[in-house]
1. For VAL230, which of the numbered conditions (1) open to solvent by 20 Å² or more (accessible area, probe 1.4 Å); (2) of a type in the set (A, V, I, L, M); (3) under 14 Å from the mean Cα position of the chain (by Cα) fails to hold?
2. Tell me yes or no: at least one residue of the stretch 199-210 is closer than 27 Å to ARG35 by Cα, within 16 Å of the ligand (Cβ to nearest atom) and without any contact (Cβ under 8 Å) to a residue 60 or more places away in the chain.
3. If you scan the stretch 101-111, which residues turn out to be farther than 16 Å from TRP87 by Cα and modelled with pLDDT of 95 or more?
4. Being within 15 Å of LEU20 (Cα to Cα), in contact (Cβ under 8 Å) with a residue 60 or more places away in the chain and of a type outside the set (A, V, I, L, M) narrows it down to one of ASP121, ASP80, so name that one.
5. Which residues, taken from the stretch 41-77, are without any contact (Cβ under 8 Å) to a residue 60 or more places away in the chain, among the hydrophobic types (A, V, I, L, M, F, W, C) and over 12 Å from ARG128 (Cβ atoms)?
6. Can you pull out every residue in the stretch 60-116 that is farther than 19 Å from GLU220 by Cβ and not in a helix (DSSP H, G or I)?
7. With respect to ASP158, determine if the residue is touching a helix residue (DSSP H, G or I) at 6+ places or on another chain (Cβ under 7 Å), within 15 Å of the ligand (Cβ to nearest atom) and in a loop (DSSP other than H, G, I, E, B).
8. Would you mind stating whether PHE118 is open to solvent by less than 10 Å² (accessible area, probe 1.4 Å) and either more than 18 Å from the chain's Cα centre (by Cα) or modelled with pLDDT of 95 or more (or both)?
Amino acid sequence: MTDRLDSEIAGEFLLTARSLAEYRAMFALGADELRGRILDCPGGAASFACEAAEFGAEVIAVDPCYAQPAGELRETALADTDRGNAWSAAHAGLYSWDWYGGDPAVHRRMRHAAVRRFTADLSEHPGRYVAAALPALPFSDNTFDLVLSSHLLFTYADRLNADFHLAALLELARVSRGEVRLYPLLDHSGEDLAELVAWVRAELRARGVGSALRPTVAYEFQRGADRQLVLNPQPSVGVS
Ligand SMILES: C[S@@+](CC[C@H](N)C(=O)[O-])C[C@H]1O[C@@H](n2cnc3c(N)ncnc32)[C@H](O)[C@@H]1O
């Protein structure tokens with residue numbers, strides 16, 4: 001794959017802003033799972049923490065970007081949303097717009113709304129947003145009932161090496177007393193990372209952390225990104 005998003009982005013990592021609806025589809029999250037203590041890492045400018053709190057969940061979002069002033073984050077998130085949206089629309093072969101009603105404008109509107117909710121929530125509930133970075137989180141073992149991680153690990157495998165992935169996954173598993181769900185398992189250019197996924201799963205297994213591959217819910221924005229990786233899978237859910 002020669003056509004790469006990294007040639008199009010200004011910063012090292014895009015500051016994206018997914019909504020609760022996108023999180024629920026990516027992670028196959030039922031309404032009954034939006035409760036207890038949930039970690040979203042990286043949280044970026046997603047509105048997940050704010051929206052899931054309305055269902056009664058106690059969400060903590062972690063991202064090193066939260067060390068920046070709120071106004072700066074808002075401007076970066078809006079600019080990165082537009083850049084990512086334009087790039088995806090211009091590379092139709094790599095993306096499926098079905099989940100967004102076939103319309104890139106729906107995607108853009110949804111992400112802008114998420115930035116607005118995130119920004120408002122950051123000022124109303126600053127305690128929900130913790131500036132920290134993988135692979136070292138400022139939480140005790142088994143703090144969370146559920147841990148979600150989207151669009152950092154695997155997505156940026158061209159700049160985060162295999163050892164970083166393993167250390168980060170072990171850290172996410174350490175702070176969770178339930179499942180850890182990761183999505184997607186492709187990099188940002190659409191490159192399949194089956195080899196890296198198999199390697200981390202074997203290394204995790206050797207350290208006593210089980211894992212499974214599980215389908216998303218009719219969500220496949222990047223073509224081929226139709227599965228999530230689940231650590232500590234609960235026995236009642238399908239295991240591959
Ligand atoms: C593409 S965004 C994903 C945000 C959110 N999960 C979403 O889906 O919209 C990637 C985020 O990873 C954050 N990040 C970069 N390095 C990190 C690290 N070592 N630990 C945690 N987050 C990191 C960046 O600041 C950026 O906000």
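The values are calculated or read from the model by the stated rules, or taken from the named source; none is laboratory data. Everything quoted here is computed from the prediction, not taken from an experiment. Positions of Cβ are generated from backbone atoms using ideal geometry, with glycine treated the same way; all protein chains shown enter the neighbour counts. Accessible surface is based on the protein model in full, side chains and every heavy atom, while ligands, DNA and RNA are left aside. Shrake-Rupley method; radii C 1.70, N 1.55, O 1.52, S 1.80 Å.
1. The number of the failed condition is (1).
2. Looking for residues that are closer than 27 Å to ARG35 by Cα, within 16 Å of the ligand (Cβ to nearest atom) and without any contact (Cβ under 8 Å) to a residue 60 or more places away in the chain, one finds none in the stretch 199-210, hence no.
3. Here is the first cut: in the stretch 101-111, the residues farther than 16 Å from TRP87 by Cα are 101, 110.
Correct list: MET110 only.
4. Working: ASP80 fails: within 15 Å of LEU20 (Cα to Cα).
Only one candidate qualifies: ASP121.
5. First pass over the stretch 41-77, keeping only residues without any contact (Cβ under 8 Å) to a residue 60 or more places away in the chain: 52, 54-58, 68-75.
Pick out the ones that are also among the hydrophobic types (A, V, I, L, M, F, W, C) and you get 52, 55, 57, 70, 73.
Correct list: PHE55, ALA70, LEU73.
6. ILE60, ALA61, VAL62, ASP63, GLN68, PRO69
7. Here the answer is yes, as ASP158 does meet what is asked.
8. Numbers: open to solvent by less than 10 Å² (accessible area, probe 1.4 Å): yes; either more than 18 Å from the chain's Cα centre (by Cα) or modelled with pLDDT of 95 or more (or both): yes.
Spelling it out, PHE118 is indeed open to solvent by less than 10 Å² (accessible area, probe 1.4 Å) and either more than 18 Å from the chain's Cα centre (by Cα) or modelled with pLDDT of 95 or more (or both).
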